[in-house]
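First the structure, in the form of structure tokens, and then the observations on it.
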Ligand SMILES: [Zn+2]
């Protein structure tokens, strides 16, 4: 019960944050020019991992309102959080998180990593279908959706406003523990009923889910939270899900508790371990909530880490 209460509180907080979102000057997604010139859309970021084609797709964003920015540092004062934000050139009185699922063309598979927030968290998110269209991908072409975890901003986009499957031909894959966690969340009953026929679960560390994508257990955020490794030849990319939420606070203060973490001590340890490994190995990373397109690397600075965003699109 305790974890359900925590989830309900976290979901409510997220809904509050996203309901208050005013950070996204949304295009309608109906721009006919965007559909004909996919790489020109600001909501679409194509890039390569080895021989594979990937696209970061903007779903939208959310903003924390004043006094709520301590969700990034539970138990810290707003002034403590603000001082880290302003030292990095960001406003101190609020924060923004982006949402950008990732598309991977993996042989015959058209794979989506996470499904966005759908239409349930206000106008700041839910653009994923429009972004897919701008990228020239039809919803029925998606063959697999790999879910990092079952919080609303990652799974509610699986179902459209009509209550039917957004990606009708896709198998929806998530860790077995995460599926149990989702089914136990009464707020998600309707979504669970809709997606159940399409769900296939896996055990962390199982064989590749698609030819080039494997799961990587990153514990703590939720019971079955997964990262995903995409490999092609000697190139790779690590999709980190919600291991880190904010590109400044989560990276420069990884020991601070985030309100959305289900098991905060474990999540904090996972954050520290990931930063250490990613910086040591110079891993290329995709972070779903970092500034769009969420692609970059962690580098050591002083006695900690910084996020270095990769901005230039690869040919
Ligand atoms: Zn999230």
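Just so you know, all these numbers are worked out from the coordinates, no wet-lab data involved. The structure presented is a predicted model; accordingly, all values stated were derived computationally and were not measured. Counting neighbours? That spans all protein chains shown, and the Cβs are built from the backbone with ideal geometry, glycine included.
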Across every pair of different alpha-carbon atoms, what Kirkwood hydrodynamic radius in Å does the range 60-176 reach?
-> 15.8
Looking at the chain, what % of its DSSP beta bridges pair antiparallel, to the nearest 5?
-> 75
Which percent, to the nearest 5, of DSSP beta bridges fully inside the range 87-187 are antiparallel?
-> 50
Between residue 217 and residue 119, take the C-beta separation as r, use R0 = 22 Å, and let me know the FRET efficiency to the nearest 0.05.
-> 0.10
Using alpha carbon centroids, what distance separates the range 103-152 and the range 242-315, in Å?
-> 22
Viscosity 1.306 mPa s, temperature 10 °C, Stokes-Einstein D of the chain from Kirkwood C-alpha radius, µm²/s | 82
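How far, in nm, would the chain grow between residue 176 and residue 201 when pulled straight, counting 0.36 nm per residue and subtracting the alpha carbon separation?
Contour length minus Cα-Cα distance gives 8.5 nm.
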Virtual spin-label span in nm between residue 140 and residue 164, 7 Å along Cα→Cβ | 1.0
Simple spin-label estimate for residue 273/residue 255, 7 Å along Cα→Cβ, in nm, reads 1.9
Extension gain (nm, one decimal) between residue 311 and residue 40, 0.36 nm per residue minus Cα-Cα = 96.1 nm
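If I stretch the segment between residue 187 and residue 236 completely, what's the gain in nm (0.36 nm per residue apart, minus their alpha carbon distance), one decimal?
14.0 nm is the gain from fully extending residue 187 to residue 236.
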Please give the calculated 222 nm ellipticity per residue for the chain, where each DSSP H segment of at least 4 residues contributes -39500 (n - 2.57) and the sum is spread over every residue; nearest 500 deg cm²/dmol?
-> -7500 deg cm²/dmol
